[in-house]
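Participant: This is the structure I want to talk about, given as structure tokens.
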Number of protein chains: 4
Amino acid sequence: MRAERLRIGIVGAGRIGRVHAETLAFGLPEAEIVSITDVDRGAARKVAERCGIHTVANSSQDLLADARVDAVLICSPTDTHAELISEAARAGKHVFCEKPIAHDLEKIDAALEAVAQAGVKLQIGFNRRFDANFARVRRAVESGEIGAPRLLHIVSRDPAPPPISYIKVSGGMFLDMTIHDFDMARFLIGEDVEEIYVAGGVMVDPEIGRAGDLDTAVIVLRFVNGVIGTIDNCRQAAYGYDQRVEILGSLGKIATENRYPNEAVVSTGREVRRDLPLNFFMERYRDSFAAELRSFVDAVLRDQPTLVTGADGRMPVVMGLAARRSYEEGRAIRLAEVAKGAVRR
Amino acid sequence: MRAERLRIGIVGAGRIGRVHAETLAFGLPEAEIVSITDVDRGAARKVAERCGIHTVANSSQDLLADARVDAVLICSPTDTHAELISEAARAGKHVFCEKPIAHDLEKIDAALEAVAQAGVKLQIGFNRRFDANFARVRRAVESGEIGAPRLLHIVSRDPAPPPISYIKVSGGMFLDMTIHDFDMARFLIGEDVEEIYVAGGVMVDPEIGRAGDLDTAVIVLRFVNGVIGTIDNCRQAAYGYDQRVEILGSLGKIATENRYPNEAVVSTGREVRRDLPLNFFMERYRDSFAAELRSFVDAVLRDQPTLVTGADGRMPVVMGLAARRSYEEGRAIRLAEVAKGAVRR
Amino acid sequence: MRAERLRIGIVGAGRIGRVHAETLAFGLPEAEIVSITDVDRGAARKVAERCGIHTVANSSQDLLADARVDAVLICSPTDTHAELISEAARAGKHVFCEKPIAHDLEKIDAALEAVAQAGVKLQIGFNRRFDANFARVRRAVESGEIGAPRLLHIVSRDPAPPPISYIKVSGGMFLDMTIHDFDMARFLIGEDVEEIYVAGGVMVDPEIGRAGDLDTAVIVLRFVNGVIGTIDNCRQAAYGYDQRVEILGSLGKIATENRYPNEAVVSTGREVRRDLPLNFFMERYRDSFAAELRSFVDAVLRDQPTLVTGADGRMPVVMGLAARRSYEEGRAIRLAEVAKGAVRR
Amino acid sequence: MRAERLRIGIVGAGRIGRVHAETLAFGLPEAEIVSITDVDRGAARKVAERCGIHTVANSSQDLLADARVDAVLICSPTDTHAELISEAARAGKHVFCEKPIAHDLEKIDAALEAVAQAGVKLQIGFNRRFDANFARVRRAVESGEIGAPRLLHIVSRDPAPPPISYIKVSGGMFLDMTIHDFDMARFLIGEDVEEIYVAGGVMVDPEIGRAGDLDTAVIVLRFVNGVIGTIDNCRQAAYGYDQRVEILGSLGKIATENRYPNEAVVSTGREVRRDLPLNFFMERYRDSFAAELRSFVDAVLRDQPTLVTGADGRMPVVMGLAARRSYEEGRAIRLAEVAKGAVRR
């Protein structure tokens, strides 16, 4: 499509829905939010007021039936994503959907099939690809600045674990938290993974173990092109949100540091210190949330492919399932064991 | 005044006017721009369209006569500031004015007198006080984290000199560029300066010298409380915008680094390197421009004193005049030689 | 024993023998070198002259028969270590031996048995334990500064691979290069490893592969106490010698950077850069070579246990054998599969 | 002269004498200490024993009369330097003398005259020129890496002031402490200073003021070639020894950081911190003390000019006298006001 302004409907007025609404309303003149809906009508109304959205739809069905809506943002709970994608596609709407599409490959495949049939655009909310640090690392790989990649190391640690109630419905750490790192690994190396080995454990809170999950893990990735990667995950880091990557290539390495609220260093009689890094993902990745929406709106308005496709949404789920199986069986798992046609060499 | 939303008029639709308009329109729901004007009507109209401003006034007089306008942002050229402040004050409007108020103390004093008579609020656009780094340094001083300050060092270097045509009307480096650092010095130490010594020269471009100005200087400040400060200024830094401060106190020091577009470090066979710091003041100080407006809007809506007063706008001009005289006469100049009652001990 | 000065004999006048001789001669007044020997007599004579050693022995046997010799430094090729340790022990000499003791556990066990029988002291040359950075990390773990360790990450990359001729006799990367990291892992966590998984490959030079070795690997370590560790090895890093560790604990993390020849940072119109890190292990670890000898001399003179025991020399070989098997079989290997009684829980 | 080994006599067995003796004895095979003397015979004997020096001379006269002595190291108190230089020169000995030569220009000129007459070599102990950081900065200037220098900033702060008893005989802060920075300024820019302005005060300890000295100062230097420099001095820095420089040139800048005992960074729930920088000048400048002696020994053995000449020893004293006068008179002082022929343009 070619339009001046993309008219958007938002399904889900929780935290991430609100963030996206504000970005669109106050930061993206190329887009206009025409409708919003949420099972919690009050939440939808509040966002609508703040962001000047004229319509609060009664349901996602109503919102999708609205002819003014060119594209939808799916910001509702994970278990509704796949079905909403299909419905939106059938309604001819372009779709931006938060990750993950689903915890189940069949549901994902059905949704992707609907998108393919409808010929609409789909972008998955792997916002970190749009972060200045990780985008810079990707450029270093793509441009050959560090030569052919050999080793990748991703550190991804949360400040604190979510409540046990959330953990129980989260799909497990690999599908809830590591899924971002699985996407990051594929994005940075520009290649698929074919085998995964996990060494993990419950080190933060035994309750997490009792809920059937783990909270700390090292995940080893073997890429199709021979690159070896590690992901270092922990649900808790006392000093806050820790998000770094390092790639060793044949001509050098590139490594990123965390982002900080300021660049001030204090030296006292006891130590040289600085304030803790940005602690909350909303702060740390603020710019990337805006950038991913800008990218989506651009892709639709200019009729270009989106930068994070449905296939990009599916593969991290395959990786998460393989990781889980590796954790359970104590051996390396080939992605082909988990999903047919998982990796095309 | 106590209102839900502050209704604002903007005089001047140039670069800084546009930035402020976007901040208000897209980032500050507590404010509403009701009118804008510029001698270049096209520029005003363009900003109005982008930011959804309904009225483009024919003149600043018209804008000030508009009863809906609670407060004005003065973003027009420096030589209009003082008179506009007075007119706005007489019209009962609160005023946010870009720095400097004027190059001439009499004009400044007349404007401040008008503000005092009208009882309106006035905030001067020393945005750097609202920067996360410098605000952190100020907190370290105020809280006693580094003890009693002894030495202050400000590095403030521009990426490249402005055109000679601009330099000729700029009021000279001290009133155009150093004025920010004079304000920063007073802000960080929380005290006035009583004597200034300058060692300066023309090192960047002889044309600047022929225009009667200098382009490189060290300015030594003696504060009333005995603290000694230095400002290190250059109109050109090959590596970009360099904005740092360091304070030595009795219990330690605090020092800030520049801000960078990313935290990626590349190691190759030749060197360990990172990308250049943020180069453009609009990028480097983006957040501080938003924060100063938020602070102004808050101050007016809650009827609190503004954080950068008219007196704060006047003193850096006194310091600039003293610096210029020191440069010309090759000796330390007491501020009292330049302005009566310059410093109250 | 209690003596004023420890009288030392050195077997082996190659690179490391020379370094140790200079340390003893010029930096350790508590020690005196009374004899040196090498199959290359000229080499021994050269070191003797430079360091003021009066006796150049005809053979290690002669040196060990010298009654003046209290202790020997074994700096000869690896395949002579185990037998020389036994001979020295039987001659009643204390022993400092370069790593590894042998590539073969039976030989190691025989040597350790001889040491135990003779009641002499034995220290293995894992010098990195004495490096200021790694010693600081160990202190952070021991003191509880970062709480209970959860994840360990060791980066250990050489500037360039050794010649293929050396690789063929090196015992393989795990016993030649990673062995230092295996020791470091045990030293830093203060605990043994029970299982090892390796993902490795030939990425630097296919000749290394043809010689039956690998050049790049990620080694996952599971410690007895549940900690998970990774070692990131590469035989080649374009930017030089890369030696870092990071530990995540329940209360925080500690991470070390490389050491640099200077702390100068250059900012130009292209980048912000610094010189490459110390490139050569002799420079990077200079102080640690001196510190390990000082520690050995102290331990003997004060009759204290040495800080790197025979058991500390044996376990990294076990780990290397397990790593090799994991690489060959593509599965995690428990140390107990490789050596009886490998780990005492 | 051309010799295999330089035979050295040391006058003064205090702290710096001991350091130099150990460097020569244990680290410089090209030199041999043949004699040492000190008014405190016990001190001399102790160093002689530790360093294997066979002769403890009764007096500096005896030491200078010793025909075996090729060169002397003058490590006695400042007020003896000038006379000892003259005596040594008349005895035909090459001289390495600690800074400053004297507090008095006439005495300095007499000593330099004696050296010139005798044709012996003289090196002054400005060890910091041999520090890896400052040498790197000098290379950046010399090689044109940062273009033509414009601004120099030296930070030089001591961990704590010396005892008042020492301050009274020290010649004042400018001749005792800043003298190193005056030399550094000349060394880094490769040019002489022609005017000095000082803003200083007593901020650390009022006792220092009562002793007629100051403890904190900013010193502005105008170089003959137009470069402007600042020295930031304080007798006390809570966080330890602070020794940094920064130069802005037409093509970039170079800046050095302090040196640290390790490169470990600890992140906790409160802050990101590292240990304090090297605190004691003996540690911080350890390598430079060895390097300056190596340079002196080389210069004599190869009959090359020394790298820190008598003129280099004189000029910082002139600068110190000018600084003192500026502090007293509150105005910029041209070096020509203090010393005839101070600066040759």
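Readers should treat all values here as calculations from the given coordinates under stated rules, not as data from a laboratory. Since the structure is predicted, the reported quantities are computational estimates derived from the model, not experimental observations. Every residue, glycine among them, receives a Cβ derived from its backbone with ideal geometry; neighbour counts consider all protein chains shown.
Participant: Over all residues in B:238-248, what is the mean tally of Cβ atoms on other chains that come within 10 Å of each residue's Cβ?
Facilitator: Numbers: counts 12, 12, 3, 0, 3, 0, 4, 1, 7, 0, 12.
That average works out to 5.
Participant: Please list the equivalent ellipsoid semi-axes of region B:1-74, computed as the square roots of five times the alpha-carbon gyration tensor eigenvalues, in descending order and whole angstrom. Intermediate values should be presented prior to the final figure.
Facilitator: Numbers: eigenvalues 62, 42, 17 Å².
They are 18, 15, 9 Å, listed largest first.
Participant: For region C:1-158, taking Cα atoms only, what is the radius of gyration to one decimal and the Dmax to the nearest whole Å?
Facilitator: 17.4, 54
Participant: Taking 2.2 N^0.38 Å as the expected size of a compact globular protein, what ratio does the Cα radius of gyration of region C:80-148 give against it, to two decimals? All intermediate terms of the calculation are to be shown ahead of the outcome.
Facilitator: Values: Rg = 15.6 Å, N = 69, 2.2 N^0.38 = 11.0 Å.
Ratio of Rg to 2.2 N^0.38 Å for region C:80-148: 1.42.
Participant: Within the set C:Lys99/C:Lys340; D:Lys93/D:Lys340; A:Lys121/C:Lys253, which residue pairs have Cα atoms separated by over 32 Å? It would help to have the intermediate numbers written out before the result.
Facilitator: On the way: C:Lys99/C:Lys340 22 Å; D:Lys93/D:Lys340 29 Å; A:Lys121/C:Lys253 43 Å.
Violating the 32 Å Cα-Cα cut-off are A:Lys121/C:Lys253.
Participant: Mind checking the dipole of the protein assembly as shown: about its Cα centre, +1 per Lys or Arg Cβ, -1 per Asp or Glu Cβ, Debye to the nearest 20?
Facilitator: Numbers: 180 positive and 196 negative charges, 0 e Å.
Here the protein assembly as shown has a charge dipole of around 0 debye.
Participant: Follow-up question, since we're still on this one. Quick check of the Kirkwood formula: for region A:31-124, what is the inverse mean of 1/r over all pairs of different Cα atoms, in Å?
Facilitator: On the way: mean 1/r = 0.0744 Å⁻¹.
Roughly 13.4 Å, rounded to one decimal.
Participant: Among A:Ile16, C:Ile146, which comes first, second and so on when ranked by fewest other beta-carbon atoms within 10 Å? Could you put the intermediate results ahead of the total?
Facilitator: On the way: A:Ile16 18, C:Ile146 23.
Arranged by neighbour count, lowest to highest, A:Ile16, C:Ile146 become A:Ile16, C:Ile146.
Participant: Report the residues of region C:132-170 in range of a label on C:Glu283: point 7 Å along Cα→C-beta, backbone N strictly under 20 Å from it.
Facilitator: Hits in region C:132-170 for C:Glu283 at 20 Å: C:132-134, C:156-163.
Participant: Can you give me the three principal axis dimensions of region B:34-76 from its C-alpha atoms, in Å, biggest first?
Facilitator: 23, 19, 16
Participant: Another question about this same structure. Order by neighbour count: C:Tyr197, B:Tyr166, B:Tyr285, fewest other Cβ atoms within 10 Å first, most last. The partial results should precede the final answer.
Facilitator: Details: C:Tyr197 26, B:Tyr166 11, B:Tyr285 23.
By the 10 Å Cβ count, ascending: B:Tyr166, B:Tyr285, C:Tyr197.
Participant: Taking 7 Å along the Cα-to-C-beta vector as the label spot, tell me the A:Thr80-B:Arg90 distance in nanometres, rounded to one decimal.
Facilitator: Using points 7 Å along Cα→Cβ, the separation is 6.0 nm.
Participant: For chain B, what is Rg from Cα atoms divided by 2.2 N^0.38 Å, rounded to two decimals? Please report the intermediate quantities before stating the final value.
Facilitator: Details: Rg = 20.4 Å, N = 345, 2.2 N^0.38 = 20.3 Å.
For chain B, the normalised Cα radius of gyration comes out at 1.01.
Participant: Shifting gears a bit: Just to confirm a number: summing +1 for Lys and Arg and -1 for Asp and Glu over residues other than B:Arg270 whose beta-carbon lies under 15 angstrom from that of B:Arg270, what do you get?
Facilitator: Details: positive: A:Lys253, B:Arg273, B:Arg274, C:Arg270, C:Arg273, C:Arg274; negative: A:Glu145, B:Glu271, C:Glu271, C:Asp275, D:Glu145.
Once all neighbours under 15 Å are counted, the net charge is +1.
Participant: Obtain the nm distance between the two label points defined at A:Glu337 and B:Asp298 by a simple spin-label model: each point lies 7 Å from its Cα along the Cα-to-C-beta direction.
Facilitator: Those two pseudo-labels are separated by 5.6 nm.
Participant: So for region C:232-345, what are the equivalent ellipsoid semi-axes in whole Å, largest first, each being the square root of 5 times an eigenvalue of the Cα gyration tensor? Numbers along the way, then the final one.
Facilitator: Values: eigenvalues 231, 121, 43 Å².
Rounded to whole Å, the semi-axes are 34, 25, 15.
Participant: What's log10 of I(q)/I(0) for region A:168-230 at q = 0.24, 0.28 Å⁻¹, Debye sum over Cα points only, no solvent?
Facilitator: Normalising to I(0) and taking log10 leaves -0.98, -1.16.
Participant: Which FRET efficiency, nearest 0.05, do B:Glu257 and B:Asn58 yield, Cβ-Cβ r, R0 45 Å? It would help to have the intermediate numbers written out before the result.
Facilitator: Working: r = 47 Å, r/R0 = 1.05.
The formula returns an efficiency of 0.45 here.
Participant: If R0 is 60 Å, what FRET efficiency do you get for D:Asp104 and A:Arg5 from their C-beta distance, rounded to 0.05? Mind showing how you got there, number by number?
Facilitator: Numbers: r = 82 Å, r/R0 = 1.37.
The value I calculate is 0.15.
Participant: Please report the antiparallel percentage of DSSP beta bridges with both residues in the protein assembly as shown, rounded to the nearest 5.
Facilitator: Working: 154 of 258 bridges.
Bridges in the protein assembly as shown that DSSP calls antiparallel: roughly 60 percent.
Participant: Of all beta bridges DSSP finds with both residues in chain D, what is the antiparallel percent, to the nearest 5?
Facilitator: Rounded to the nearest five, the antiparallel share is 55 percent.
Participant: With an 8 Å Cα cut-off and a minimum separation of 6 or more residues, compute the relative contact order for region B:45-174 in percent.
Facilitator: On the way: 116 pairs, mean separation 21.1, N = 130.
Relative contact order for region B:45-174 comes out at 16 percent.
Participant: Each residue of region A:202-213 in turn: what ³J(HN,Hα) in whole Hz from Karplus with 6.51, -1.76, 1.60 and θ = phi - 60°, glycine and Pro shown as x?
Facilitator: Here the 3J(HN,Hα) series is 9, 10, 8, 7, x, 4, 4, x, 5, 7, x, 10 Hz.
Participant: Which residues in region C:51-71 place their backbone N less than 18 Å from a point set 7 Å from the Cα of C:Asp40 along the Cα-to-Cβ direction?
Facilitator: So the set is C:51, C:56-60.
Participant: Take the alpha carbon gyration tensor of region A:203-256, find the square roots of its eigenvalues, order them as a ≥ b ≥ c, and report rounded if a/c is under 1.5; if not, report prolate when a/b exceeds b/c, else oblate. Each step should come with its number before you reach the end.
Facilitator: Working: a/c = 5.53, a/b = 1.81, b/c = 3.06.
Note, shape of region A:203-256 comes out oblate.
Participant: First measure r as the distance between the Cβ atoms of B:Glu328 and A:Glu49, then evaluate 1/(1 + (r/R0)^6) with R0 = 51 Å and state the FRET efficiency to the nearest 0.05. Intermediate results must be reported in sequence, preceding the final value.
Facilitator: Numbers: r = 59 Å, r/R0 = 1.17.
With a Förster radius of 51 Å, E is 0.30.
Participant: What whole-number distance in Å separates the alpha-carbon centres of region D:149-182 and region B:121-137?
Facilitator: Cα centroid of region D:149-182 versus Cα centroid of region B:121-137: 35 Å apart.
Participant: Calculate the length of the line joining the C-alpha centroid of region C:276-331 to that of region D:240-289, in whole Å.
Facilitator: The distance from the Cα centre of region C:276-331 to that of region D:240-289 comes to 29 Å.
Participant: Now a separate question. Given 0.36 nm per residue, what is the gain on full extension from B:Ala148 to B:Lys168 after removing their alpha carbon distance, in nm? Could you put the intermediate results ahead of the total?
Facilitator: Numbers: separation 20, 0.36 × 20 = 7.20 nm, distance 4.06 nm.
My answer for the length gained is 3.1 nm.
Participant: Something else about it: Below 21 Å, Cα to Cα, which lysines can A:Lys46 reach? Residues fewer than 8 away in the same chain don't count.
Facilitator: Partners found: none.
Participant: Separate question: Report Rg (one decimal) and Dmax (nearest whole number) for region A:101-199, counting Cα atoms only, units Å.
Facilitator: Computed over the Cα atoms of region A:101-199, radius of gyration and Dmax are 16.1, 45 Å.
Participant: While we're here: Sorted from largest down, what three extents in whole angstroms do the Cα atoms of the protein assembly as shown have along their principal axes?
Facilitator: Here the Cα extents, ordered largest to smallest, are 100, 84, 44 Å.
Participant: While we're on this one: Rounded to the nearest 500, what is chain B's calculated 222 nm mean residue ellipticity when only DSSP H runs of at least 4 contribute -39500 (n - 2.57) each, over all residues? Before the final figure, lay out each step's value.
Facilitator: Details: 14 runs with 139 residues, N = 345.
Calculated at 222 nm, the ellipticity per residue is -12000 deg cm²/dmol.
Participant: Amide H of B:Thr230: which non-local residues (sequence gap of 5 or more, or other chain) have their own amide H closer than 5 Å, using H built in the peptide plane?
Facilitator: Long-range HN contacts for B:Thr230: B:Leu152, B:His153, B:Ile154, B:Leu221.
Participant: Okay, moving on. With a 10 Å Cβ neighbour count serving as the proxy for reagent exposure, in which order, fewest first, do C:Arg210, B:Arg334 appear? Please list the in-between numbers first.
Facilitator: Working: C:Arg210 10, B:Arg334 15.
Ordered from fewest to most neighbouring Cβ atoms within 10 Å, C:Arg210, B:Arg334 come out as C:Arg210, B:Arg334.
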